[in-house]
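A.B. asks: Sharing a structure with you now.
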Amino acid sequence: MEITSINTESLSRMFLAGAKNLEAKKEWINELNVFPVPDGDTGTNMSMTIMSAAREVGALSNPTMKELAKARKMRGVSTLKKGDLIDAMLELDEQEEQKEAAEEAREEVKEEKKPAAKKAEVEVKEPVKKVEIETKVPAKKVAVKAEAPSKKEVAEPQIAVKQDIPMEQPDLGPRRSVAFIGSECYPFVKTGGLGDVMYALPKALAKLNLDVKVILPRYKCIPQKFQEKMEYRGSFDMSLCSDGKQYYVGIMEYQEDGVVYDFIDNDEFFSWGNPYTNLIDDIPKFCYFAKASLAALNYLDWTPDVVHCHDWQAALVPLYLRTCFQDTDVGRAISVLTIHNLKFQGIYDRKMIQYWSGLPDYVFNKDCMIQNWLDANMLKGGIAYSNKVTTVSNTYAWEIQTEEYGEGLAEHLRYHNNKILGIVNGIDTDIWNPATDKLLAADYDEKSAIKNKKINKKALQESLGLDVDEHKMVIGLISRLTNQKGLDLVNDVIPGIMDEHTQVVVLGTGDSQYENTFRYYENKYKGNFCAYIAYNENVAHNIYAGCDALLVPSRFEPCGLTQLIAMRYGAVPIVRETGGLKDTVQPYNMFENTGNGFTFDRYESGLLYDAINRAKTLYFENRKSWDDMVIRDMNKDVSWEKSAKQYKDMY
């Protein structure tokens with residue numbers, strides 16, 4: 001059929017059917033110059049509709065101008081005016097909107113009538129034929145009676161349909177595998193902060209979709225309740241020394257909180273009662289442990305993306321990866337070395353370390369293992385061969401590159417400064433949680449802290465033999481009693497700060513010099529000074545909850561956990577600005593009422609004395625501002641969540 005005439009309204013309807021918005025319609029109309037109409041016709045009174053023509057040319061199912069433009073083959077025609085079409089289409093749009101509004105109104109009336117109709121259906125007494133409703137769950141049909149459907153019959157298909165709805169899962173990214181290698185881990189064995197990190201960090205990383213394995217020595221001092229739950233995974237012999245001497249390697253496995261713990265078993269090295277004895281015995285022990293850990297990963301056929309080793313006890317792992325294990329599966333892993341305390345480096349005679357490690361001669365040079373010409377430094381070698389070196393705070397990462405804090409490795413660390421990164425530690429907020437701590441006289445959160453800390457203070461005073469008085473300020477000190485912790489400064493200021501309004505509680509063990517000094521003060525200031533010369537976990541929890549302030553005046557502090565725990569329990573920290581103490585404690589600003597502790601910079605007893613007096617002044621003269629600081633401290637995020645994300649990004 002040949003198109004001879006066109007109706008403008010029908011043509012507009014054609015566009016309306018194919019375009020859903022005015023912009024699309026206008027774009028089509030811009031092509032109308034190629035669509036012909038009979039000469040002499042104005043485009044307003046055409047006899048044949050475009051819909052009829054479209055059926056003939058097969059354009060009804062897809063009415064685009066490209067198909068309609070085929071009519072250009074007609075002869076003796078001129079173009080249709082665009083303005084006429086636009087006006088007609090706008091008018092039709094308005095008519096369509098009116099029709100849609102009327103249709104919606106009719107639907108609303110029907111919806112209102114539905115409840116009445118349902119009620120009428122229920123009242124029908126004649127038996128109705130059962131109707132089978134098939135749900136999306138395969139091979140399951142539920143019969144529903146139309147006359148009086150029971151609750152069970154109606155509910156089942158609804159539940160089944162809901163089960164088919166896919167749950168949106170968060171995108172956690174590609175899963176990485178990490179092997180932690182270290183000498184201690186809470187709750188199996190712990191002597192310091194390393195044990196806390198080896199426990200809490202892998203657990204936090206497992207929650208971030210990382211596959212985590214922790215490798216530890218199987219010390220005989222590990223509690224029997226954990227030993228009993230270990231499973232035997234296998235054993236083999238491994239050559240260790242430079243003469244190829246063979247040693248037994250057993251693997252025992254324990255799982256908890258999504259983390260796999262593999263224990264390296266060898267009675268010859270790990271039968272001692274304590275994890276650390278003396279350097280002469282510890283050097284062979286940890287040479288064996290570093291090599292056996294990598295050999296165990298190959299034996300278990302578990303190849304990690306990252307091997308994360310900690311301190312000098314595991315510092316030979318990066319060297320073994322790039323020498324003895326470079327052609328094995330585990331040799332593909334990248335290595336990360338975390339320095340928890342640079343003071344301990346594993347320095348001993350070169351010949352002894354070279355014999356026990358079995359490492360090649362070329363690693364024993366001044367740029368890697370050799371120190372002071374005759375000694376070998378295990379931590380120095382680990383720094384040289386690792387892909388990344390981390391410390392436990394940003395400030396400490398900078399401090400160890402200075403001569404004052406570099407412990408003889410400042411130049412070596414400055415050479416490798418491009419791979420040094422500082423990430424602040426966190427604490428396990430499940431263990432250290434005053435709201436659920438069963439060791440406290442009264443648990444509390446930030447809302448009840450001001451009231452319930454008084455109850456815990458009274459319980460602390462009673463249990464330690466102090467004068468019971470809630471108006472006195474209690475200052476706590478939980479620390480190893482060594483020079484590193486600034487106890488020489490504390491010793492200097494005790495006589496100056498002790499008065500009838502102040503009490504001091506000391507918990508810890510260490511150098512006999514400080515143990516005896518604090519016993520002397522306890523005898524001198526009876527009722528106001530307590531020296532608990534031991535470490536007791538229950539007493540530690542009660543000091544954090546019962547004291548008003550906590551002293552951490554360290555000479556150097558890589559990170560420090562006591563100030564984090566203190567803030568978690570609402571005890572205001574008084575710290576020296578060094579390492580992690582500087583990164584985690586913001587000094588109090590009396591003008592803006594901000595900050596979460598009191599700080600001093602230079603290592604001088606006069607500055608510590610001043611910081612304590614500033615804290616006492618605020619406590620006694622402006623209790624509201626003090627209480628505000630307590631609440632800020634408890635609200636501060638000291639968990640591993642943020643730090644674990646930084647480690648994941650680094651991996």
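The values are calculated or read from the model by the stated rules, or taken from the named source; none is laboratory data. Fair warning: this is a prediction, and the values are worked out from it, not measured in the lab. As a convention, Cβ positions derive from the backbone with ideal geometry for all residues, glycine included, and neighbour counts pool all protein chains shown. Only protein heavy atoms, including side chains, enter the accessible area calculation; ligands, DNA and RNA are left aside. Shrake-Rupley method; radii C 1.70, N 1.55, O 1.52, S 1.80 Å.
A.B. asks: In region 331-346, how many are within 12 Å of LEU294 (Cα to Cα) and either at pLDDT below 95 or in a loop (DSSP other than H, G, I, E, B) (or both)? Spell out how you get there, then give the answer.
C.D. replies: Keep residues of region 331-346 that are within 12 Å of LEU294 (Cα to Cα), which gives 331-333, 335.
Then drop every residue that is not either at pLDDT below 95 or in a loop (DSSP other than H, G, I, E, B) (or both), which leaves 331-333.
Result for region 331-346: 3.
A.B. asks: Those residues that are assigned to a loop (DSSP other than H, G, I, E, B), open to solvent by less than 10 Å² (accessible area, probe 1.4 Å) and under 14 Å from ASP262 (Cβ atoms), I need them from region 280-329; list them, please. Give the steps one after another, and end with the answer.
C.D. replies: Start the filter on region 280-329 by keeping residues that are assigned to a loop (DSSP other than H, G, I, E, B), which leaves 300-305, 311, 315-316, 323-328.
From the residues that got through so far, the ones that are open to solvent by less than 10 Å² (accessible area, probe 1.4 Å) too are 304, 315-316.
Passing the criteria: only PRO304.
A.B. asks: Only one of (1) among the β-branched types (Val, Ile, Thr); (2) in contact with a strand residue (DSSP E or B) (Cβ under 8 Å, 6 or more places away or on another chain); (3) surrounded by fewer than 19 Cβ atoms within 10 Å (Cβ to Cβ) is not met by THR277, so which one is it?
C.D. replies: Looking at each condition in turn, THR277 falls short on (2).
A.B. asks: What do you reckon, is VAL317 of a type in the set (Val, Ile, Thr) and farther than 23 Å from ASP237 by Cβ? Even if it seems obvious, please write down each step before you answer.
C.D. replies: Numbers: of a type in the set (Val, Ile, Thr): yes; farther than 23 Å from ASP237 by Cβ: no.
Taking the combined requirement at face value, the residue does not satisfy it.
A.B. asks: Of the conditions (1) in contact (Cβ under 8 Å) with a residue 24 or more places away in the chain; (2) open to solvent by 60 Å² or more (accessible area, probe 1.4 Å), TYR254 clears all except one; give me its number.
C.D. replies: Of everything listed in (1) in contact (Cβ under 8 Å) with a residue 24 or more places away in the chain; (2) open to solvent by 60 Å² or more (accessible area, probe 1.4 Å), TYR254 misses just condition (2).
A.B. asks: Would you be able to tell me the number of residues in region 525-539 that are among the hydroxyl-bearing types (Ser, Thr, Tyr) and open to solvent by less than 50 Å² (accessible area, probe 1.4 Å)? So that I can check it myself, show each step before the final result.
C.D. replies: Step one: list which residues in region 525-539 are among the hydroxyl-bearing types (Ser, Thr, Tyr), which gives 525, 532, 535.
After this cut, where a residue has to be open to solvent by less than 50 Å² (accessible area, probe 1.4 Å) as well, the list is 525.
So the count comes out to 1.
A.B. asks: Any chance you could count how many residues in region 575-604 are open to solvent by less than 40 Å² (accessible area, probe 1.4 Å), touching a residue at least 40 places away in the same chain (Cβ under 8 Å) and of a type in the set (Ser, Thr, Tyr)?
C.D. replies: 2
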